[in-house]
Each structure stands twice: as C-alpha cells, then as structure tokens.
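Read-outs: derived from the displayed coordinates by stated rules, not from any lab. The shown structure was predicted, so the numbers you read here are calculated from the model rather than taken from an experiment. Glycine also receives a Cβ, built like all others from the backbone with ideal geometry; neighbour counts cover every protein chain displayed.
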Amino acid sequence: MARGLKWTDSEDLALALHERFPDVDPLTVRFTDLHQWVLEIEGFADDPKASNEAKLEAVQMAWLEEYRDARGEH
C-alpha cells in the first residue's frame, strides 16, 4: 500500500496543486485556502492540524517554482 502524502512532502503537494490550479499564482493564495486545498489533494493522509506556517510556506514556495517553470520565468 502506498504511503499517503504528508505536510512535509512539499514538492509532491506543489505538483498536485499546480496540476489542479495551473493559472493561480501561488503568492496570491491565502494560507487558509492553501491549507484547505492541500487537504483536498487525493492521497493526502496527514493530520490537518499538523500544518504550520513553515510547512505551508514550503508548499507555497515549491508550488511557486512549478508555476514559474511552467511559464519559463526561471
């Protein structure tokens, strides 16, 4: 059985968010929305209360990299 995604899997979570919201600039997303969107990712299996600002920021920065790569901004 595959292990579920955790808050610390920022790269995998970022890929899932980029696939779901390809045109959303991650820097415009409030952490409350980001938290909810992560909880909705298929395969996410961590405690919703285990997130914190640092973990959300890590997901946001990884997502930002995906977003910029897709636009050739690197």
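Quick look at the values:
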item: Search result, residues across segment 25-42 that are in contact with a helix residue (DSSP H, G or I) (Cβ under 8 Å, 6 or more places away or on another chain) and not aromatic (Phe, Trp, Tyr); result: 25, 26, 27, 29, 34, 35, 38, 39, 41, 42
item: Subset of segment 44-74 (residues that are of a type in the set (Gly, Ala, Ser) and over 12 Å from residue 7 (Cα atoms)); result: 62, 70, 72
item: Test result for residue 49, free of Cβ contacts under 8 Å to residues at least 40 places away in the same chain and of a type in the set (D, E, K, R); result: yes
